[in-house]
Amino acid sequence: MFIKLKVYKKNGLHVRMAAAFISMLQKLIQNKEKLKKAYVLYHDKKVQVNNLLSLVSLKIGQGEEFILCFEEEVDEEIVNQIKNFFEQTDREDSQQTEADRLLMENSITLHEAVSALPNGIVVVNSDNMITYVNAAAAKLLEKDPHELINQRADEVIPHSRLHKVMKTGKMEVAKKQKINHHTLLTTRSPITFNGKTIGAVAIFQDISSIEKISKELNEVKEMQQRLHLVLKSVSDLIGLTDKDGNFIYWNDEMDVLLSKLNGEKNIQSFIGKNVWKNMKDVQKQFMKVIQVSNQSSYITKINPIIVDNELRGTVTTMTRFDDIKQLLDKIDLMEQRTKYLEQELSKHQGFDMAFHKIIGNSETLKDSLTIAAKVAKTNSTVIITGESGTGKELVARAIHEASERKNNPFIRVNCAAIPPQLIESELFGYEKGAFTGAYKTHRGKFELANKGTIFLDEIGDLSLDLQAKILRVLQEKEVERIGGFAPIQLDVRVIAATNRDLKKMVDEGSFREDLYYRLNVVPIHLPPLRARKEDIPLLVEAFRKQLNDKLGKNIKGYEKGFIEALCSYNWPGNIRELQNVMERLFNLADGDILLCKDLPHYISDPQFFENNEAKQKQNLTFGSKVLTLKEYEKQIFSFACQHYPSYNQLAKALGITHKTAAKKVREYGLEHLVGKKYQGS
């Protein structure tokens, strides 16, 4: 129910008038719960009607309207009395008006002051009902002030104790309590009038931040104590100096040394005034072996403490030189023992254990592996040639693992996969600031391979400029970073690999002759799979075991004629193609036997390619109009794409590289035609 009211008094709804209004309402409406739910609306502000301070704080002036709201209907007679109360136009004498104004001003001032206090304030009446709560208290209680007014304090404030304070009449000062993760100091006091307790007030002071600081100080003290114990426990000499070099802190080990310096506890007494002056000027770390006496030498490290570009002191550590020397001697002895034991162990492991991962018993493969096993014990440069998928990287790794460098890095670089503009920085590294984006020094692949082996795969794809730099690395045994000036000495074994004819490239001028002969110290040629078909059953069996583990299958064998079909195929993609076909068959298998029907059509039907080639010869015709070379090229690729299931086979059929075939197919938008006649086979 809403009642629209207007104030006619000169001082508006002042304190005395508001108090009279509340008193009248309490007489007219006996139901306290009903009165508790009544509120006043004024300019989007909402306050409980029986809260004097909140009502006065609205500052409703003369001639202004407000709305009185009840949740339930009230008698019409009560409504009329309320309206009559505000419509009274009795003349007020000037003295009374001035008194009301002063009372109003003081009330508003008091309310604003209490509301702005950083401490929380809660006031209750004699029934322990909250009659006032400021913003700070509402924030601590994590509730809206309207939710707290006219509520019992002991129900909405944990451990409020205000009812007990009213009962005992005694003040409780600075009692510690927790409210909503806040640590508070609470002071509670009864409010008395004419010897009678009419309410109580609670003042909350949040000390959470103070407790946090106290905890942090305790943690700092504990950390300081731990640091002190650490410094006392180490065997090195440790000391802190001020900006003039005077020691202001030192551990027990340093104390022994300083006591020998005739009471002078200044760092200049054993590093010298010139060294100290130079270090102050340069403001950089100083490290040197210092002989303090005829018997004692120390590795001395002095780190300056710089604050606002000024030297404020140093941290000095000193380690006995004899202790370091003894430790280095022990490490050297252990390294020699380890090397000896490794050599003895290798004698019992067999000559070519590292090559056991390479599967095959054919004579052509054994001839290549025999050369690889022999060259593994040397540091000579090796060039491995062979078609894609023949296992060149596997052989390179085996050479590394069978060599004395096996415990050092094996770094692989695919020269064809790295963009031309990046490969130089990848191989040789760069210095900080060498070019835009070089925010820190980057070590190249040659540096990473130091003491080990670098495998340069597809080396035939390098530009002539980079070939010259590779040649320099092989000749000079050093590398220079981009943006660098000082060459870096290296001990790296180079193994290169390519599927291209480097000798032909030398004749054509696309590969440096001097680099070719540098790489061709020990050539190893890996035969294609079609040249060692007797190894296919061994490879198939090895892949069966691998794929069972990888795919969680249990393939036990093969259908009759399965191995024969695989052996009859020429495998242009070599071992890699065989492995991919096997994985496809594993995914298609329903039982524990691999079936011939699941084989690709171009493998299960040996006459397929011959028939297609014959058809191609019959179907290729030229019209009467002469086209451009590019148009003829597109026709050739459109026709050829349909008859080969991969770019690799397409490239071999057309006598071009795999890269060129893929480029042309994309250029003419023919990707959808590749292997079209094989789809579903």
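The values are calculated or read from the model by the stated rules, or taken from the named source; none is laboratory data. Note that the structure is a prediction, hence the values are computed from the model and not measured. Using ideal geometry, Cβ is built from the backbone for each residue, glycine included, and neighbour counts are taken over all protein chains shown. Side chains included, ligands, DNA and RNA excluded: accessible areas come from the protein's heavy atoms. Shrake-Rupley method; radii C 1.70, N 1.55, O 1.52, S 1.80 Å.
Which of the residues that make up the range 173-191 are at pLDDT below 90 and either touching a Gly at 6+ places or on another chain (Cβ under 8 Å) or not polar (S, T, N, Q) (or both)?
Answer for the range 173-191, where residues must be at pLDDT below 90 and either touching a Gly at 6+ places or on another chain (Cβ under 8 Å) or not polar (S, T, N, Q) (or both): Val173, Ala174, Lys175, Lys176, Lys178, Ile179, His181, His182, Leu184, Leu185, Ile191.
Give me a count of the residues in the range 175-198 that are in contact (Cβ under 8 Å) with a residue 40 or more places away in the chain, of a type in the set (A, V, I, L, M) and closer than 12 Å to Leu140 by Cα.
Result for the range 175-198: 1.
So which pairs qualify, if the first residue must be in the range 565-593 and at positive phi, the second must be assigned to a helix (DSSP H, G or I) and open to solvent by less than 10 Å² (accessible area, probe 1.4 Å), the Cβ gap must be under 7 Å, and the two must be at least 6 apart or on different chains?
That search, which allows pairs on different chains as well, returns Trp571/Leu529; Trp571/Leu578; Asn574/Leu529.
How many residues are open to solvent by 60 Å² or more (accessible area, probe 1.4 Å), over 29 Å from Arg530 (Cα atoms) and at pLDDT 80 or above if we restrict to the range 625-681?
8
Looking at Arg481, Arg518, Arg532 in this structure, which one is open to solvent by 30 Å² or more (accessible area, probe 1.4 Å) and over 37 Å from the mean Cα position of the chain (by Cα)?
Testing whether each residue is open to solvent by 30 Å² or more (accessible area, probe 1.4 Å) and over 37 Å from the mean Cα position of the chain (by Cα) leaves just Arg518.
Being surrounded by fewer than 14 Cβ atoms within 10 Å (Cβ to Cβ) and either not in a loop (DSSP other than H, G, I, E, B) or not acidic (Asp, Glu) (or both), is that true of even one residue in the range 407-416?
Looking for residues that are surrounded by fewer than 14 Cβ atoms within 10 Å (Cβ to Cβ) and either not in a loop (DSSP other than H, G, I, E, B) or not acidic (Asp, Glu) (or both), one finds at least one in the range 407-416, hence yes.
So how many residues does the range 460-489 have that are of a type in the set (A, V, I, L, M, F, W, C), within 25 Å of Lys440 (Cα to Cα) and touching a residue at least 12 places away in the same chain (Cβ under 8 Å)?
6
When the range 1-59 is examined, which residues are found to be in a helix (DSSP H, G or I), open to solvent by 30 Å² or more (accessible area, probe 1.4 Å) and either modelled with pLDDT of 80 or more or in contact with a Ser or Thr (Cβ under 6 Å, 6 or more places away or on another chain) (or both)?
Ala19, Ala20, Ser23, Met24, Gln26, Lys27, Leu28, Lys34
If I filter the range 204-217 for residues that are assigned to a helix (DSSP H, G or I), closer than 30 Å to Lys280 by Cβ, of a type outside the set (A, V, I, L, M) and open to solvent by 40 Å² or more (accessible area, probe 1.4 Å), do I get at least one hit?
no
Working only within the range 570-580, note down all residues that are at pLDDT 90 or above and either in contact with a helix residue (DSSP H, G or I) (Cβ under 7 Å, 6 or more places away or on another chain) or among the charged types (D, E, K, R) (or both).
Residues satisfying the conditions are Trp571, Asn574, Ile575, Arg576, Glu577, Leu578, Gln579.
Just a yes or no: is a residue in the range 401-411 of a type in the set (Val, Ile, Thr) and within 30 Å of Leu578 (Cα to Cα)?
Yes, because at least one residue in the range 401-411 is of a type in the set (Val, Ile, Thr) and within 30 Å of Leu578 (Cα to Cα).
Out of all the residues in the range 555-563, is one or more outside any helix (DSSP H, G or I), farther than 30 Å from Ile459 by Cβ, among the aliphatic types (A, V, I, L, M) and modelled with pLDDT of 90 or more?
yes
Determine whether the range 259-274 contains at least one residue that is open to solvent by 30 Å² or more (accessible area, probe 1.4 Å), polar (S, T, N, Q), at pLDDT below 80 and in contact with a strand residue (DSSP E or B) (Cβ under 6 Å, 6 or more places away or on another chain).
Checked against the condition, which is being open to solvent by 30 Å² or more (accessible area, probe 1.4 Å), polar (S, T, N, Q), at pLDDT below 80 and in contact with a strand residue (DSSP E or B) (Cβ under 6 Å, 6 or more places away or on another chain), the range 259-274 yields no hits at all.
With respect to Arg443, is the statement that it is open to solvent by 40 Å² or more (accessible area, probe 1.4 Å), farther than 30 Å from Gly360 by Cβ and out of contact with any Pro (no Cβ under 9 Å at 6 or more places or on another chain) true?
Answer is yes for this residue.
Could you check Gln336 against (1) under 25 Å from Asp244 (Cα atoms); (2) of a type outside the set (A, V, I, L, M); (3) open to solvent by 100 Å² or more (accessible area, probe 1.4 Å) and say which number it fails?
Only one criterion is unmet by Gln336, namely (1).
Looking only at the range 536-549, filter to residues that are without any contact (Cβ under 8 Å) to a residue 24 or more places away in the chain and of a type outside the set (S, T, N, Q); which one of those is least open to solvent (accessible area, probe 1.4 Å)?
Here the answer is Glu541.
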